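Have a look at the structure below, then the notes.
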Amino acid sequence: MNTDTHAAHADDHHHGDSHAQAHVHGSFSTYMLGFVLSVVLTAIPFWLVMSGALPSKQITALVIMAFAVVQIVVHMIYFLHMNTTSENGWSMMALIFTIVMVVIALSGSLWVMNHLNSNMMPIHQMTGMK
């Protein structure tokens, strides 16, 4: 009798896991929505650069970085299935960590590029050094 109860409990637990795993994985429509969002979030910055629609390079760079951050979040939600309820919130911690790392990488890259740009020797001074 005890083994039957244990077997029934294990069977219920097994069905609960398969239901939870089915809930974690996306359907075809959610994958397609993620794909379409990814294509749109890639095409808009490409168009902005190729058409020169924005007045300055700095504004264009900021808009492209904003689109990049949104695209990272779209990938994490639609393809990596990260949300606040899965894995007892550890997925949310991974999302927060990823966002912090992206902010550090983007701001550090911009700082380094700006620093190099302001400290590079102008071309007209290089020709006089011969």
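Every read-out reported here was derived from the displayed coordinates using simple, explicitly stated rules and does not represent laboratory data. This one's a predicted model, so the numbers in the text were calculated from it and none came from an experiment. Reconstructed Cβ throughout: ideal geometry from the backbone, glycine too, with neighbour counts over all protein chains shown.
List, please: which pairs have Cβ atoms under 9 Å, are six or more places apart or on different chains, and start with a residue in the range 51-62 that is touching a residue at least 12 places away in the same chain (Cβ under 8 Å) and within 17 Å of Asn117 (Cα to Cα) and end with one that is part of a helix (DSSP H, G or I) and not small (Gly, Ala, Ser)?
These pairs meet every condition: Ala61/Leu110.
Could you tell me which of the residues Leu54, Leu95, Leu80, Leu62 is over 15 Å from the mean Cα position of the chain (by Cα) and either closer than 26 Å to Ser29 by Cα or part of a helix (DSSP H, G or I) (or both)?
Numbers: Leu54 fails: either closer than 26 Å to Ser29 by Cα or part of a helix (DSSP H, G or I) (or both); Leu95 fails: over 15 Å from the mean Cα position of the chain (by Cα); Leu80 fails: over 15 Å from the mean Cα position of the chain (by Cα).
The match here is Leu62.
Out of the residues in the range 47-72 that are among the hydrophobic types (A, V, I, L, M, F, W, C) and more than 20 Å from Ser109 (Cα to Cα), state the one that is surrounded by the fewest Cβ atoms within 10 Å (Cβ to Cβ). Quick ask: steps written out before the conclusion?
Residues of the range 47-72 among the hydrophobic types (A, V, I, L, M, F, W, C): 47-50, 53-54, 59, 61-70, 72.
Next, from what is left, pick out any that are more than 20 Å from Ser109 (Cα to Cα): 47-48, 50, 53-54.
Numbers: Trp47: 10, Leu48: 16, Met50: 8, Ala53: 11, Leu54: 15.
Among residues in the range 47-72 that are among the hydrophobic types (A, V, I, L, M, F, W, C) and more than 20 Å from Ser109 (Cα to Cα), the one surrounded by the fewest Cβ atoms within 10 Å (Cβ to Cβ) is Met50.
Pairs, please: C-beta under 7 Å, at least 6 apart or cross-chain, first residue without any contact (Cβ under 8 Å) to a residue 40 or more places away in the chain and in the range 82-101, second of a type outside the set (A, V, I, L, M) and part of a loop (DSSP other than H, G, I, E, B)?
Ser91/Asn83; Met92/Thr84
Inspect the range 37-48 for any residue being over 17 Å from the mean Cα position of the chain (by Cα) and not in a helix (DSSP H, G or I) and give the result as yes or no.
The first filter runs over the range 37-48 and keeps only residues over 17 Å from the mean Cα position of the chain (by Cα), leaving 46-48.
Next, from what is left, pick out any that are not in a helix (DSSP H, G or I): none.
Checked against the condition, which is being over 17 Å from the mean Cα position of the chain (by Cα) and not in a helix (DSSP H, G or I), the range 37-48 yields no hits at all.
Are any residues in the range 23-34 in contact (Cβ under 8 Å) with a residue 40 or more places away in the chain and in a helix (DSSP H, G or I), and if so, which ones? Don't jump to the end; show me each part of the working.
Pass one, the range 23-34, residues in contact (Cβ under 8 Å) with a residue 40 or more places away in the chain: 24-26, 30-31, 33-34.
Residues satisfying the conditions are Val24, Thr30, Tyr31, Leu33, Gly34.
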